[in-house]
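Have a look at the structure below, then the notes.
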Amino acid sequence: MSLVLIDILIATVPLMLIFASLFAFTTWLERKALARIQNRIGPNKVGIPCTRISLFGLGQPAADGIKMLFKEDIVPRGADRLFHLLAPILALIPAMLVLCFLPLEFPWTKSLLPVQAFLLDGAVIFFFAITGLNTLAVFMAGWASRNKYSLLGGMRAVAQMVSYEIPLVLSAVIVVMMVGSLNAADIVKEQTGWNWYVFSPWGLAAFVIFFIASLAETNRSPFDLPEAESEIIAGYFTEYSGFKFALFFLGEYIAMFAISGLAVTLFLGGGDGPGLAAAPWLSVVWFLAKIFALIAVMIWLRGTLPRLRVDQLMGFAWKFMLPLSILNILVAGFAWHAQQQNSKTITVITWVISLAILYGTASGLNQLNRGSVRPRKYKYAE
Amino acid sequence: MNEEIAFWKEIAFWILSAIAVLGALVAVRKRNLIHGVFALLVFFAGLSGLFLLLLAEFIAAVQVLVYIGAVGVLLLFAIMLTERVAGDDDRRMTSRGWSWGLVMAAAVFVVLLLPPILQLPSPEAAQEIKPSVEELGHKLMNPYVVTLEVLALLLTAALIGAVTAAQGVRMPKEEDSPE
Amino acid sequence: MSILGGGIFKGMKVTLWNFVLSYFRRDRLTTNDYSWRPDGDLPQGIGDYPKEEGEQLSDTTTVTNYSRNFPMLLHDGGEPMDTVRCVACQICERECPPQCIYIEKDYDENGKYIKRPAVFDIDVSVCMSCQICVEVCPFDAIVMNSQFELSTPDRFGGLLVRRDDLLKSNDYYHQIHPEEAAARDQKMAVEKAAKEAKKKAAAEKAKAAAEKKAAEAAMGDAE
Amino acid sequence: MSTAAAPNYELLQQDGLETSLLEVSMGPHHPSTHGVFRMDVKLDGETVVDLRPVFGYLHRNHEKLAENMSYLSSMPFTDRLDYFNSMSNNWAYALAAEKLIEVEVPERAEYLRVIMAELTRLVNHVSLVGFFLNDLGALGTPLMYAFREREKILDLFEQASGARMMCNYFRFGGLRNDVPEGWLERAGEVVDRFPSFLDEYEQLLCENEIILSRTQGVGNLSRELAISAGVTGPMLRASGVAYDLRKVDQYGIYDRFKFRVPHTDGDTGDCYDRFMIRMLEMRESIEILKQALAGIPKGEIMGNAPRVFKPKPAEAYGRIEGPKGELGFYLIADGTPKPYRYRVRPPSLINLTVLRDMCLGGKIADTVIILGSIDIVLGEVDR
């Protein structure tokens, strides 16, 4: 085993272990939080598996994992066996691959590795390129299980992911334009000392668009149309059971981590936070804390919002998100030039004007798209 | 340290090119359309791996983004819209005279491609140039800005054309739903 | 609507409010997990399952003083078979909507019908605990029990509850449905008193008639 | 192939792009068909071109059974018709039977009947809104809030009649037994706490943009079609017709209570109207409950009904304003203790007949919420 391979292993294995265990923790967190939102208690019986100790149900992910291993793995007769097997794997590969582009400086890797993935020149472009593969996995699953519902689910998923990738990329363009480089580490370096991009009006608008598009990209709450239980049973993974289903589940959660990781890098200043001078390794803690904040909001949305319909989903992407993100690029451009004069008054004025423009267009577009949708008044007969 | 890296690069090169060639072959021979498209995507992935080996990250990323992400999905959409997509039917035969095809390909290779390949300097000569994204950006802006604008115009025209074509499929209903 | 996405934020405020309150306000929880319910109205020692037959409460769900499940036959204490109230008049067998009761009268050795059921089976898989039998029974012999865990591994005979398993004492009835049992006993006491009064009145009338007849007879043989 | 073109949607088989119709049977055990109900849907992409409802999976021969049993014995079976509101089913049957014989229902029983019926209306509307939101995709949160309130009311039913859902509590001429003491105070407490829950519920649901845009303009039911199809209940009121049996028939003692009947003022109703009408009706039911709980007198619970119910040959039709619509019982008596003919007018089934007209042209996601907004219970549809 030559030295190079050991270096690569040292870099990738902790990444995989940390995020796999975070996945287990998030499933528990999601079930507990959703339960509490719905005034239930959530899993509290499984502590350490096969003992009676129930430490707040923390053993539930382990129990689910073991259950998934032993569940019978049914492949429908008409299905295309090879693709039925490949789809969950293809759903997992991009999600895991993309994790290495997040600027997470683990303390022990600093000295060893000659090149780190997030120091790549085009880290952000690689990120979007590889998350694009998820669309293929979903389509493959939908098509291979040869069942009407999954076909519908697959079609919906492909259409949704393709049309939400554009606002996702365009809102990331703003930050790249501001920083001037595609390198994840430079982006984080620009935002040190609390001047994160989310605090500027165009940054906030870009963050909101990025967050909504990332919800759609990972099929989360208001956009979980591909796996709409009430309409098309479980969408593209209707015919999956046992460990393949668990792989899909794992893929979806790791994709959630990856996308919110990028959101944190671009808008919330990556590992930046108080107390970094004292202990540099705190940046990893801050990074994960911010990711969990975003995931908490995703879970909160899942507990509250119903689902959008397919054509509304498309209309929202093309008629609301896309124009808003293009306009946001223009506004950010002007603001960047105004900032070059770096006089206090001009920046304040630009901030106010850009805020007004962005909010004005947003509500204008909303009025244009869904003007007639308003709560109605009713008459009473004696 | 770096002769080891060179050794691993050599192995990576052979693996990636083998994947690419295999993908291309399967794409051509497969009777089932969907399998063919996915094999083609494997070929694109192999290609982007080769770009990475040449340290051209941006092109590798764009290759994945454009070819696999966009062209692949476009092909799948096209296949989905044509009828009888559910199963691979036997009606779609591959041409029987493939042996003549092989001969023609060999002739083209010998006559057109072989001479320039021989003049190429040996592979070691391709040393590490620094094709950073920034330089690409600057080049796009000053010398090639005209082509960029024309391309942009072309794409928007294509987009508008696609929208009107899709619009025409369904006769617009008399009472349009409120959205 | 007011601000962009105002409705969605309002909805999220409500769910956040529910999320926070579910930790403090116990009545907001739909699934009341009884293992940690402090108030005393449920018997303590919730963990151990009721061992001996007839104990009414189990730890998993609420069984209140009003819930009725499958019927049971009442007897007034002591040896069940000699103080049983049921006289096998088979009214409940006829009236039962899903026809799940089967009764056979009891005869002593020389064939005289003694007012007791020899066989009284209720097919628990058919019974829908609708309490019609309790209403139509003139002798208050059958009432609703609240014991519902009657599952048995044996599919063929297991769900047919025999007479001896159905028989329960009247004070067990007081234990599970105190109000109802008290009201029923009080009604029976009133009826019994009314019957006695009627019988006494009939007896006096009979006695008076007998004296009158005796007096006339005495008058007759006097002339 | 010939496609039965829907009235407002022509499927254009233009040259070349002739796509095949996807035929999906949203089968008997589909997660959102509220029981065993099947819809054979022909889809062009996502748009519904044709829809054929198939039901009958839950047919239990209720009406023929009733002809072979005494009048009283079929009372517990009426609980199982629309298993969400057994009390109002019992009342409709009791009302019909009381028309056959002359019996006078005491005052306290009338008040308790109104209280029980209005409590079932609350339970039904709250659960319906919960299931409707579940079909829309809100994973269970509104449903769990609805069930939390429903539990409180079901506890009240258990204390009064002995069972939570299958109450079998009404008798011809009154009620089976009086409510235990302390029950009226508990009921008052539940009714007083309900409006605060409703405010929270409305805050969660009524201004949510996603719900508004998903339900408005979906499943339009015009006034003429509603009236001609015999649709009754909240669906009819959502289509603009202010018709409520409690005001029309004034059965029981509804004339003593002051309450209003919400309805839309336009002449078509969509899913949003049906959803909002039910939310507003819950508030009216609370008004009635408050007045009834305040005015309930002491006294007898059971009128002088004969021991064996053997009515003279006659026919009677008793109907009430059930939570789902006009629930009617038609009885023909022939002098024997068994009815000659026993017929139930199921509001769910009659409201279901307009499902196809509302769904055509919409998306597959719309069929699910239109079915949810009709509020059917398969026990009543199939009987």
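The values are calculated or read from the model by the stated rules, or taken from the named source; none is laboratory data. Remember, predicted model here, so these are calculated numbers, not experimental data. Cβ placement follows ideal geometry from the backbone for every residue including glycine, while neighbour counts extend to all protein chains displayed.
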* Asked: Quick one: how many residues across the stretch A:6-46 are in a helix (DSSP H, G or I) and either more than 14 Å from chain D (Cβ to nearest Cβ) or farther than 17 Å from D:G140 by Cβ (or both)?
  -> 25
* Unique match (being under 30 Å from D:Y71 (Cα atoms) and either within 14 Å of chain D (Cβ to nearest Cβ) or modelled with pLDDT under 90 (or both)) among C:Y102, C:Y49, C:Y66, C:Y34 -> C:Y66
* Just one of (1) within 14 Å of chain D (Cβ to nearest Cβ); (2) in contact (Cβ under 8 Å) with a residue 12 or more places away in the chain; (3) surrounded by fewer than 16 Cβ atoms within 10 Å (Cβ to Cβ) trips up C:R162, so point out which. => (1)
* Taking strands (runs of 3 or more DSSP E) that fall entirely within the stretch D:303-382, which contain at least 1 residues that are within 14 Å of chain A (Cβ to nearest Cβ) and under 20 Å from the mean Cα position of the chain (by Cα)? -> D:314-322
* Consider A:W336 against the criteria (1) in contact (Cβ under 8 Å) with a residue 24 or more places away in the chain; (2) within 12 Å of chain D (Cβ to nearest Cβ); (3) aromatic (F, W, Y): it satisfies all of them except one. Which criterion is unmet? -> (2)
* Pick from A:A172, A:A137, A:A184, A:A144: which is in contact (Cβ under 8 Å) with a residue 12 or more places away in the chain and at the interface with another protein chain (Cβ under 9 Å from one of its Cβ atoms)? -> A:A144
* Asked: Can we say A:K67 is of a type in the set (D, E, K, R), surrounded by fewer than 20 Cβ atoms within 10 Å (Cβ to Cβ) and either at pLDDT 85 or above or at positive phi (or both)?
  -> yes
* To do: Answer yes if at least one residue in the stretch D:305-320 is surrounded by 19 or more Cβ atoms within 10 Å (Cβ to Cβ), β-branched (V, I, T) and within 30 Å of D:F55 (Cα to Cα), and no otherwise.
  => yes
* If you check A:M256 against the conditions, is it within 17 Å of A:T135 (Cα to Cα), out of contact with any His (no Cβ under 6 Å at 6 or more places or on another chain) and within 14 Å of chain D (Cβ to nearest Cβ)? -> no
* **Any hit, the stretch A:354-366, residues being loosely packed, with under 15 Cβ neighbours inside 10 Å and either within 14 Å of chain D (Cβ to nearest Cβ) or not in a helix (DSSP H, G or I) (or both)** => yes
* **Residue that is surrounded by fewer than 16 Cβ atoms within 10 Å (Cβ to Cβ), assigned to a loop (DSSP other than H, G, I, E, B), in contact with a helix residue (DSSP H, G or I) (Cβ under 7 Å, 6 or more places away or on another chain) and modelled with pLDDT under 90, where the choices are C:G40, C:G77** => C:G77
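Yes/no per residue for (1) in a helix (DSSP H, G or I); (2) touching a Phe, Trp or Tyr at 6+ places or on another chain (Cβ under 7 Å); (3) farther than 22 Å from D:A314 by Cβ:
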| site | (1), (2), (3) |
| --- | --- |
| D:M69 | no, no, no |
| D:P76 | yes, no, yes |
| D:N90 | yes, yes, no |
| D:V105 | no, no, no |
| D:V126 | yes, no, yes |
* Looking at D:R108, D:R164, D:R121, D:R113, which is the one that is away from chain A (no Cβ under 14 Å) and over 25 Å from D:K258 (Cα atoms)? -> D:R164
* To do: Looking for whichever is within 30 Å of C:M12 (Cα to Cα) and modelled with pLDDT of 90 or more here; the options are D:F194, D:F170. Which one fits?
  => D:F194
* Any chance D:I277 is part of a helix (DSSP H, G or I) and within 11 Å of another protein chain (Cβ to nearest Cβ) -> yes
* Asked: Which one of the conditions (1) over 15 Å from C:R85 (Cβ atoms); (2) assigned to a helix (DSSP H, G or I); (3) within 14 Å of another protein chain (Cβ to nearest Cβ) does C:V134 fail to meet, given that it meets all the rest?
  -> (1)
* Asked: Which members of the stretch A:13-60 meet the condition of being touching a residue at least 40 places away in the same chain (Cβ under 8 Å) and more than 22 Å from A:F249 (Cβ to Cβ)?
  -> A:P14
* **Single match in A:A117, A:A137, A:A123 (criterion: touching a helix residue (DSSP H, G or I) at 6+ places or on another chain (Cβ under 9 Å) and modelled with pLDDT of 85 or more)** => A:A137
